[in-house]
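Each remark here refers to the structure printed beneath this line.
The values are calculated or read from the model by the stated rules, or taken from the named source; none is laboratory data. All values derive from a computational prediction rather than experimental measurement. Here the Cβ positions follow ideal geometry from the backbone for every residue, glycine too, while neighbour counts run over all protein chains shown. Just so you know, the surface numbers come from the protein's heavy atoms only, side chains and all, with ligands and any DNA or RNA stripped out. Shrake-Rupley method; radii C 1.70, N 1.55, O 1.52, S 1.80 Å.
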Amino acid sequence: MSQNQRQSELVARYMKDKKVTFEVHAHMALFADPIISAGGEKTTYSAPTYEAIKGVCKSIYWKPTFIWVVDKVRIMNEIKTEVSGKKLLRTNGTNDLANYTYLTDVSYQVMAHIEWNENRSEYKGDRDWLKHYNIFAKSLMRGGRLPVFLGKSECSAYVTPIEFGVGKSFYDGTGRINLGLMYHGITYPDEAYSEETKDALTLDFAPVIMENGIIEYKRPDECIHKKIRSGEMKQFIEKEGEENGTV
């Protein structure tokens with residue numbers, strides 16, 4: 001099957017389901033709680049955060065026209081961790097040793113969708129499902145528009161097209177596993193969905209349940225919220241060719 005045929009097949013599925021699916025895998029990942037990991041030591045959650053997977057989607061393809069919403073993730077490999085020592089530079093010029101706990105040999109199947117950003121009325125004319133699914137499929141097949149990583153920049157990752165649910169997961173048949181209350185993500189001013197989140201940066205937290213290896217994420221508006229500070233929407237300048245999807 002040619003690249004064009006494969007892209008057309010992906011786009012047809014996306015248009016039918018209004019969902020995109022792909023697999024992301026890496027040698028290591030680190031999904032840290034930003035509150036308790038502000039110092040030197042960093043310890044990963046056992047599963048990816050909503051924000052980290054949303055970041056993967058945006059690295060593949062994103063425009064201010066829409067917001068990525070992550071529906072669910074399927075954990076394919078056994079959850080294993082590894083501790084690595086890091087030298088951190090202090091403000092006085094000396095080094096400090098810190099331990100980073102990473103997940104190793106990770107692979108996740110992702111299902112997500114896009115929703116038009118109602119806070120960006122200036123992009124209303126760009127709300128074209130077929131256009132954006134075409135660009136996403138093309139970008140996915142090329143490995144993304146931007147470097148992909150899982151949690152931290154040193155955790156380089158790779159993405160490939162796949163149908164959600166195919167193949168065997170280590171956690172098939174394991175039932176419900178409660179992973180507890182986890183950091184979910186950050187709601188930025190341009191993604192605000194209420195008066196409370198308007199013109200503010202808001203931290204989101206949510207309980208996470210894994211069932212037979214699958215995590216179904218709550219939407220940001222269903223989470224527990226904590227306002228960090230006030231903020232304003234970013235302003236974007238269209239590059240030549242972006243409006244017609246040629247770049």
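Counting only protein chain heavy atoms and rolling a 1.4 Å probe, the accessible areas of PHE170, PHE205 rank, largest first, as PHE170, PHE205.
Just the number please: accessible area per residue for the chain, 1.4 Å probe, all protein chains included, in Å².
On the way: 13240 Å² over 247 residues.
Heavy-atom accessible area per residue stands at 54 Å².
Given the Cα-Cα distance of HIS27 and ASN99 and 0.36 nm per residue of separation, how much length would full extension add, in nm?
Difference between extended and current length: 24.1 nm.
Remark: the stretch 45-57, residue by residue, has Karplus-estimated 3J(HN,Hα) of 5, 7, 9, x, 7, 4, 4, 5, 6, 4, x, 5, 4 Hz, where x stands for each Gly or Pro and the curve is 6.51 cos²θ - 1.76 cosθ + 1.60 at θ = phi - 60°.
Taking amide H as placed 1.01 Å from N in the peptide plane, ALA32 has its amide H under 5 Å from the amide H of TYR45, each at least 5 places away in sequence or on another chain.
The figure for MET141 is an accessible area of roughly 50 square angstrom, using a 1.4 Å probe on the protein chains alone. Projecting the Cα atoms of HIS184, GLY173, PRO161 onto the charge dipole of the chain, computed from C-beta unit charges around the Cα centre, puts PRO161 farthest toward the positive end.
Between the amide H of PHE66 and those of ASN117, distances stay under 5 Å, these residues lying 5 or more places away or on another chain, with hydrogens modeled in the peptide plane. Helix content alone sets the calculated 222 nm mean residue ellipticity of the chain: runs of n ≥ 4 DSSP H residues at -39500 (n - 2.57) each, divided across all residues, give -5000 deg cm²/dmol.
Annotation for the stretch 26-65 versus the stretch 97-129: alpha-carbon center distance of 10 Å. About its Cα centre, the stretch 95-247 has a charge dipole of approximately 300 debye under the convention of +1 per Lys or Arg Cβ and -1 per Asp or Glu Cβ, with nothing else charged. At q = 0.12, 0.16, 0.18 Å⁻¹ the log10 of I(q)/I(0) for the stretch 100-245 amounts to -0.73, -1.28, -1.46, computed by Debye summation with a single uniform scatterer per C-alpha, solvent ignored.
Element breakdown for the chain at a 1.4 angstrom probe: carbon and sulfur atoms account for 50% of the accessible area. Greater than 18 Å separation of Cα atoms is the criterion. Which listed pairs, LYS138/LYS218; LYS16/LYS131; LYS18/LYS131; LYS18/LYS72; LYS152/LYS226, meet it? Beyond 18 Å: LYS138/LYS218; LYS152/LYS226.
Here is the P(r) of the chain: all C-alpha pair distances, binned every 5 Å from 0, give 1, 6, 12, 16, 18, 17, 14, 9, 5, 2, 1, 0 in whole percents.
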